[in-house]
Amino acid sequence: MIFRPRLQDLKIIGFYLGKIILGLVFTMALPILIGLIFGELNPVLDFLISIEIALIFGLILTRLCFTEHDLNWMQGMIVVSLSWIIAMILGAIPLYLSGHWVSYLDACFDAMSGFATTGLALVQNLDHLSYAHNFWRHLIMFIGGQGIVIVALSFFVRGFSGAFKMYVGEARDEKILPNVIHTARFIWLVSIIYLILGTLALGIAGLLDGMKPLNAFFHGACLFMAAFDTGGFTPQSQNMLYYHSLSFEIITAVIMILGAINFRLHYYIWTGNRKEIFKNVETVTFFITIIITFCITAAGLSQLGVYPQALTLFRKGFYQLVSSHTGTGYQTIYPAQFMNDWNPLSMTGIIYAMALGGAVCSTTGAIKMLRIGIIFKALKEDLKRIMFSERAVIIEKFHHIKEVFLEDKSVRAALLITLCYLVLYAFGTLMGIFYGYPFLESLFESASAAANVGLSCGVTNTAMPVGLKFTYIFQMWAGRLEFMSVFILLGFLVAIIKGK
Amino acid sequence: MIKFVTVQRSEVNQGVIPAQAGIQRGYDRMDARFHGHDKNGRRELPEAELLLKFRGHRFKPQIAQIVVLSILYFLFFTLSYAQPLSSTELINNAKTYDGKIVVYEGEVIGDVMRRADYVWINLHDGKNALGIWLHKDLAKGILFTGSYKTKGDWLEVQGSLQRACKQHGGDLDIHAQTIKKIRSGRLLQINLNLAKRNLAIFLLGVLCLILFCQSIKA
């Protein structure tokens, strides 16, 4: 029998949602600062209005739903899944007010794309967007990459036992440090140190490539935020093609790979345990899958002869591949070129890479390397069982921070999440086909949205059907949260309707 | 609509005749030729027919007309790239235009990025932006680049389209030979949006009211 949720459940959920909204308000103050520096008055007003709306909602929720009760697992998961939707709705307000989005739905699409670190965009006339709005687009990627709840946990919530439930709800089931608040702060520390270094590197590269100093460092900061959080937004409409720069491509490729690495691994690297990189199942799997998918992509590209020089083929193929595998979505080709200049084989390589993703406890989406590694190990174990003597005791191990025995429980969990992703990819593909797009284009865009990549072959544009926009928003949201909190929210809604 | 062009390609390439002017001149000539009358209403023989008669050949006029039409047909296809093409057309048909001389126009956006003796600019025609590689001397006239506060110069560029540029890591770009400023850019006059200001003040009032109510209850 399903029990209808009690009023107390709703109050707890409302209270913590209100807290997270108030946390989001503080992040909106940063674009105001940028707007004031660049003398952009109307954009400043856009953010003031958004802050006021968010504050009103946040204060009302925390007041009406005030409680001192802690979160249980169900409530924690629901808070997480709802907070992402509310962040999208509130984050879209300044975007829509700028007048660069055709509809509020388009602004919501870009806000979810930003928070979920996807990178698909429906913005119009991006090259004339204000610095404040552009900064906000990239900042939401930075916030979303770390996790909206982690922002609240790190800075606005004092230690409480419900914190870990929300942390897990955001698809982060690994604690780096014993305390989850300390873990969240460590993630921020790593990110901010890399932000400073990355901005400097990209800013200097921009200066050397002839950009104005202010633009060079502004672009550097924006590009870093989107690359490290494997987002994919850029300040200009041409994506990475705007820069015409090898140095930008190299630096962003390094940042994308850093963003795709497990934060726990960052911790080990920082503490001097560099051997872990070469032993960890995730990095080993990542390395192998990059080689395999690049071989597929390169084979496709060499068939066509679009890039006759090997170096050019490598530069174009590898950059697109790293961008897709890490879930970033930076492009050095135009979206239409995927369909016109690349053949199905090369696109298949990119689709595989998008579907696989980076490491768990990183900023990437998709199936992720640990699960691929576990599934591969399970397959190996089963093959051994068939091939070896029945008396033989087969034990399979993998190295992830420490030596771990392969258990059925972890294999089952990995397979379940993989299955969910495959269903999500298929759902988006079917919706694309339903709206009249060819199979390959539908699959490409669906994988890109669900795996939070952001590469586009041209399907995503403001003229696409409203149903498809909703589909991609759902895919980005569910893909980023890795299903569990989404399923719990759906179950909660069913309980409200059908519960007794 | 079919546009007939009679200017020499070399003239356009060297920047002697602007592409659009050449096209218009071709129109005028074609009109006169097909109607068989000049601007004063006098009967005018086709140029090729006159030429053949002058040389004393015995070709029939119909054959001469076929020859003239064939030449015009050839010129149409070889010089049609002199018309400004959209970014969508160039990107979608990059294979067709690869290595050909094309004319493209758009607004200069972002930075003019200097690279030794050359510069990169990006021209946005309203749909997409394309990278233009040009000599620094050609870029001297660019005064405004598009941004939030600026409308960039609108340029017409003529150059060769590279589908996968060997010089620039496989980028799709245009190596400019000539550029022409069609419209000068300007600083945009951005006034304070009063509706937004009023909404911000109203919401501030609501917020203060909520805070006041909360402080009373507390």
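The values are calculated or read from the model by the stated rules, or taken from the named source; none is laboratory data. Computed from a predicted model, the values in this text were never measured in an experiment. Cβ coordinates were reconstructed from backbone atoms using ideal geometry, including for glycine residues, and neighbour counts include every protein chain displayed.
Worth pointing out:
- Test: residue in segment A:254-266 that is within 14 Å of another protein chain (Cβ to nearest Cβ) and farther than 17 Å from A:N452 by Cα: no
- Residues satisfying the stated conditions in segment A:416-454, i.e. outside any helix (DSSP H, G or I) and either polar (S, T, N, Q) or buried (at least 24 other Cβ atoms within 10 Å of the Cβ) (or both): A:A451, A:N452, A:V453, A:G454
- In the set (1) within 14 Å of chain B (Cβ to nearest Cβ); (2) over 23 Å from A:S448 (Cα atoms), the condition left unmet by A:H69 is number (1).
- Helices (runs of 4 or more DSSP H) contained in segment A:142-240 and holding at least 3 residues at pLDDT below 85: A:148-155, A:162-169, A:180-208
- Check on A:V25, away from chain B (no Cβ under 14 Å) and surrounded by fewer than 21 Cβ atoms within 10 Å (Cβ to Cβ): no
- Strands (runs of 3 or more DSSP E) completely within segment B:125-215 that count 1 or more residues being facing chain A (nearest Cβ under 8 Å): B:129-135, B:173-183
- Qualifying residues in segment A:322-336 (those that are crowded, with 23+ Cβ neighbours inside 10 Å and not β-branched (V, I, T)) - the one farthest from A:F224 (Cα to Cα): A:Y334
- Of the residues examined, A:Y421 is not one that is touching a residue at least 24 places away in the same chain (Cβ under 8 Å), of a type in the set (F, W, Y) and in contact with a Pro (Cβ under 7 Å, 6 or more places away or on another chain).
- On inspection, B:D111 fails the criterion of being in contact with a helix residue (DSSP H, G or I) (Cβ under 8 Å, 6 or more places away or on another chain), outside any strand (DSSP E or B), surrounded by 15 or more Cβ atoms within 10 Å (Cβ to Cβ) and in contact (Cβ under 8 Å) with a residue 24 or more places away in the chain.
- Pairs where the first residue, in segment A:33-50, is more than 8 Å from chain B (Cβ to nearest Cβ) and the second is of a type in the set (S, T, N, Q) and part of a helix (DSSP H, G or I), C-beta under 9 Å, 6+ apart: A:I34/A:N134; A:G35/A:N42
This table checks each residue for (1) modelled with pLDDT under 95; (2) touching a Lys or Arg at 6+ places or on another chain (Cβ under 7 Å); (3) hydrophobic (A, V, I, L, M, F, W, C); (4) not in a helix (DSSP H, G or I).
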site	(1), (2), (3), (4)
A:L48	no, no, yes, no
A:T67	yes, yes, no, yes
A:L71	yes, yes, yes, yes
A:A111	no, no, yes, no
A:I140	yes, no, yes, no
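- When A:G91, A:G58 are screened for being part of a helix (DSSP H, G or I), surrounded by fewer than 24 Cβ atoms within 10 Å (Cβ to Cβ) and small (G, A, S), only A:G58 passes.
- Residue in segment A:221-253 that is farthest from B:C165 (Cα to Cα), counting only those that are in contact with a Gly (Cβ under 7 Å, 6 or more places away or on another chain) and within 14 Å of another protein chain (Cβ to nearest Cβ): A:Q236
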